[in-house]
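The values are calculated or read from the model by the stated rules, or taken from the named source; none is laboratory data. The structure displayed is predicted, hence computed values, not measured ones. For neighbour counting, all protein chains shown are included, and Cβ atoms are generated from backbone atoms with ideal geometry for every residue, glycine included. Calculation scope for accessible area: heavy atoms of the full protein, side chains included, ligands and nucleic acids excluded. Shrake-Rupley method; radii C 1.70, N 1.55, O 1.52, S 1.80 Å.
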Amino acid sequence: MNIIIFGATGRTGNELLLRALEAGHTVTAFVRNPSKISVSHRNLNVEKGEATRYSDINDVLSKEKYDAVFSALGAKGMFKRDLPLIDAMKNIVRAAENNEIGKLIHVSFIGVHPDAGKLGFLYKYIIPTFMTNLLRDHREKDAIVNSSKLNWILIQPPVLTSDAYNGKYIHEAEIHGDNSRKLKLSRSNLAEFMLKLANDNTYDKTAVYVTE
Ligand SMILES: NC(=O)c1ccc[n+]([C@@H]2O[C@H](COP(=O)([O-])OP(=O)(O)OC[C@H]3O[C@@H](n4cnc5c(N)ncnc54)[C@H](OP(=O)(O)O)[C@@H]3O)[C@@H](O)[C@H]2O)c1
């Protein structure tokens, strides 16, 4: 596959980049600071640009045909709004539509799921009370994605960790409130799942909950 990653300098984006290269894919990393990309590889192309500037994204997406666009852009904090990321989402969707990209896979957050309260106290009371801005931003970004003309998938993980890859995670469209779940997910497991979804239509045009 030929893929492009937004947020490739972040913890999830970097896992995805490394895993994609290892699997033999051709990867473009769209970043604002190329010096933060620590690997060089013959199949890796680093493009410098501002995600908040539509023309920067459109220029890169129009250069070649991508099979999938991955978005792992993340907010700096948990409590304040991060409006540039809303603009970035609009720009990614618009440019992907303009260039007829096959698939958009975006990392959202399980806290925005209507049944998140089934996951327990944290998701029923703490997050909805104290992380209202984070939830609002995620909902706005998700709405931009799911009202697009693209073939999209919203991935909704719980808290992300830097634990080593173990391939042990579950994914489902509905939350069943299974208490045996750890409600955390390593970014390495998440990256593997993201890559799998590029070639799997099970969750096309839906949101999918994924956890360990
Ligand atoms: N952290 C969690 O526990 C958690 C839980 C559930 C879901 N999520 C979601 O998972 C995704 C990835 O999270 P993460 O923790 O792996 O992310 P992260 O390590 O914080 O990385 C964030 C990425 O977003 C980029 N970014 C932020 N603001 C930007 C802007 N204005 N313009 C361009 N790039 C910008 C950063 O670029 P620079 O390197 O240039 O700063 C970096 O590449 C996010 O969408 C997050 O909301 C996170």
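What length, rounded to one decimal in nm, is gained on full extension from Ser180 through to Asn43, with 0.36 nm per residue of separation minus their alpha-carbon distance?
Additional length available on full extension: 45.3 nm.
Suppose all protein chains stay in the model; what accessible area per residue would a 1.4 Å probe give for the chain, in Å²?
So the chain comes to 49 Å² accessible per residue, rounded to a whole number.
Nearest 10 degrees is fine. How inclined is helix 11-22 to the longest principal axis of the chain, computing both from alpha carbons?
The helix 11-22 is inclined about 50 degrees to the chain.
Out of the stretch 1-79, which trypsin sites (Lys or Arg not before Pro) are coil in DSSP terms and have no more than 10 other C-beta atoms within 10 Å?
Answer by residue number: Arg42, Lys76.
Give me the percent of the accessible area of the stretch 2-211 that comes from carbon and sulfur atoms, probe 1.4 Å, all protein chains in place.
That share works out to 48 percent.
So, taking all protein chains as they sit and a 1.4 Å probe, how much accessible area belongs to Leu85, in Å² rounded to tens?
Accessible area, nearest 10 Å²: 30 Å².
Under a GNM of the chain (C-alpha, springs under 10 Å), which listed residue has the highest mean-square fluctuation: Pro128, Pro114, Pro158?
Fluctuation is largest for Pro114.
Among DSSP beta bridges whose residues both lie in the chain, state the antiparallel percentage, nearest 5.
10
Assign one of three labels to the stretch 122-200, namely rounded, prolate or oblate, based on the Cα gyration tensor with a ≥ b ≥ c the square roots of its eigenvalues; rounded applies when a/c is under 1.5, prolate when it is not and a/b is larger than b/c, and oblate otherwise.
Since a/c reaches 1.5 but b/c is at least a/b, the shape of the stretch 122-200 is classed as oblate.
Suppose every Lys and Arg Cβ carries +1 and every Asp and Glu Cβ carries -1, with no other charges. What dipole size does the chain come out with about its Cα centre, to the nearest 20 debye?
That gives a dipole near 500 debye.
Please report the relative contact order for the chain, taking Cα pairs under 8 Å with a sequence separation of at least 6, and give it as a percent rounded to a whole number.
Taking the mean separation of contacting Cα pairs over the length of the chain, I get 20 percent.
With everything on Cα atoms, drop me the angle between helix 83-98 and the longest principal axis of the chain, reported from 0 to 90° to the nearest 10.
Once rounded, the angle reads 60 degrees.
Apply the Debye scattering formula to the stretch 1-155, with a single equal point scatterer on each alpha-carbon and no solvent, then give log10 I(q)/I(0) at q = 0.09, 0.18, 0.19 Å⁻¹.
Reported log10 I(q)/I(0), two decimals: -0.29, -1.06, -1.16.
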